[in-house]
Amino acid sequence: DVKVTQSSRYLVKRTGEKVFLECVQDMDHENMFWYRQDPGLGLRLIYFSYDVKMKEKGDIPEGYSVSREKKERFSLILESASTNQTSMYLCASSVTRDQYTDTQYFGPGTRLTVL
Amino acid sequence: GENVEQHPSTLSVQEGDSAVIKCTYSDSASNYFPWYKQELGKGPQLIIDIRSNVGEKKDQRIAVTLNKTAKHFSLHITETQPEDSAVYFCAASIRAAGNKLTFGGGTRVLVKP
């Protein structure tokens, strides 16, 4: 079974703090993703990575950065947390096969509250 | 970029009845349409997907239909059971844009016993 783990289930931080969210996958997947989930807005892509040290902006990258130093690990960084970044953060991974997108496997999520 | 609209946002059905969730997409180049189910406290999990070369796919009580001309696709759940209660997300992807999914806003399904 594919397993995607996220470092924390719940996190409470103060405005202005630097926040690190960690994601690890155990299936040697090339692709990794960070989404945020807000009610009524579905899942919105923040950043994704096709390979180690590679990153691309998603739909809402402002206020976030990422790091992928190893294939299995993808970190999301909030340089200076703000209250509007209070959300559920989901990490996912996938492989790319043939000409089609393959299944994305999600972690359980980190619910971040910024006070 | 791609835009995916999903309706309804909430759906309440009696156990045993059918549930239908509809999505529309904007980019005719999209060629992959997965559906995810998210149970409380968990991440979304793929339940079924359809590719643009087929019009319908079925897996036990779940089916998905795709109308490429109208750019919409639907999830059908028959004989609903309480364990079908969850949030469901549709998504669309353009292979040329990489392995990137655009998700709909989600539908919260409640199956009443």
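The values are calculated or read from the model by the stated rules, or taken from the named source; none is laboratory data. Predicted model only: the values in this text are computed from it and were never measured. Methodologically, a virtual Cβ is constructed for each residue, glycine included, from the backbone with ideal geometry; neighbour enumeration extends over all protein chains shown. When the accessible area is computed, the model is the full protein with side chains, heavy atoms only, and any ligands, DNA or RNA have been set aside. Shrake-Rupley method; radii C 1.70, N 1.55, O 1.52, S 1.80 Å.
The set of residues in the range A:87-115 being over 27 Å from B:ILE50 (Cβ atoms), over 11 Å from the mean Cα position of the chain (by Cα) and either of a type in the set (Gly, Ala, Ser) or assigned to a strand (DSSP E or B) (or both) consists of A:SER87, A:ARG111, A:LEU112, A:THR113, A:VAL114.
Of all residues in the range A:77-86, those satisfying the criterion of being part of a loop (DSSP other than H, G, I, E, B) and open to solvent by less than 50 Å² (accessible area, probe 1.4 Å) are A:ALA81, A:SER82.
Can you pull out the residues in the range B:32-59 that are among the hydroxyl-bearing types (Ser, Thr, Tyr) and at the interface with another protein chain (Cβ under 7 Å from one of its Cβ atoms)? Please lay out each step first, then the result.
So the first thing to find is which residues in the range B:32-59 are among the hydroxyl-bearing types (Ser, Thr, Tyr), and the list is B:32, B:36, B:52.
Scanning the range B:32-59 gives a single hit, B:TYR32.
Please work out if B:PHE103 is closer than 14 Å to B:GLN6 by Cβ, at pLDDT below 95 and touching a Phe, Trp or Tyr at 6+ places or on another chain (Cβ under 6 Å). Yes. Residues in the range B:63-100 that are under 15 Å from B:GLU5 (Cα atoms) and among the small types (Gly, Ala, Ser) were compared, and the one that is farthest from the other protein chains (Cβ to nearest Cβ) is B:ALA70. The set of residues in the range B:39-67 that are in contact with a Gly (Cβ under 8 Å, 6 or more places away or on another chain) and closer than 16 Å to B:ALA91 by Cβ comprises B:GLY43, B:THR65, B:LEU66. Residues that are open to solvent by less than 20 Å² (accessible area, probe 1.4 Å), away from chain B (no Cβ under 14 Å) and not hydroxyl-bearing (Ser, Thr, Tyr) within the range A:56-76 comprise A:VAL66, A:ARG68, A:LEU76, listed in sequence order.
Conditions (1) modelled with pLDDT under 90; (2) closer than 24 Å to B:GLY104 by Cα; (3) of a type in the set (Asp, Glu), marked per residue:
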position: A:SER8; (1), (2), (3): no, no, no
position: A:LYS13; (1), (2), (3): no, no, no
position: A:GLU17; (1), (2), (3): no, no, yes
position: A:LEU21; (1), (2), (3): no, no, no
position: A:VAL24; (1), (2), (3): no, no, no
position: A:PHE33; (1), (2), (3): no, yes, no
position: A:ILE60; (1), (2), (3): no, yes, no
position: A:LYS70; (1), (2), (3): no, no, no
position: A:ARG73; (1), (2), (3): no, no, no
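Any chance the range A:1-16 includes a residue that's within 8 Å of chain B (Cβ to nearest Cβ), open to solvent by less than 70 Å² (accessible area, probe 1.4 Å) and assigned to a strand (DSSP E or B)? Looking through the range A:1-16, at least one residue is within 8 Å of chain B (Cβ to nearest Cβ), open to solvent by less than 70 Å² (accessible area, probe 1.4 Å) and assigned to a strand (DSSP E or B).
Return the residues of the range B:6-60 that are closer than 13 Å to B:ASP84 by Cβ, open to solvent by 50 Å² or more (accessible area, probe 1.4 Å) and either touching a residue at least 60 places away in the same chain (Cβ under 8 Å) or touching a His at 6+ places or on another chain (Cβ under 9 Å) (or both); say none if nothing qualifies. B:SER12, B:GLN14, B:GLU15, B:ASP17, B:SER18, B:VAL20 - these are the residues of the range B:6-60 that are closer than 13 Å to B:ASP84 by Cβ, open to solvent by 50 Å² or more (accessible area, probe 1.4 Å) and either touching a residue at least 60 places away in the same chain (Cβ under 8 Å) or touching a His at 6+ places or on another chain (Cβ under 9 Å) (or both).
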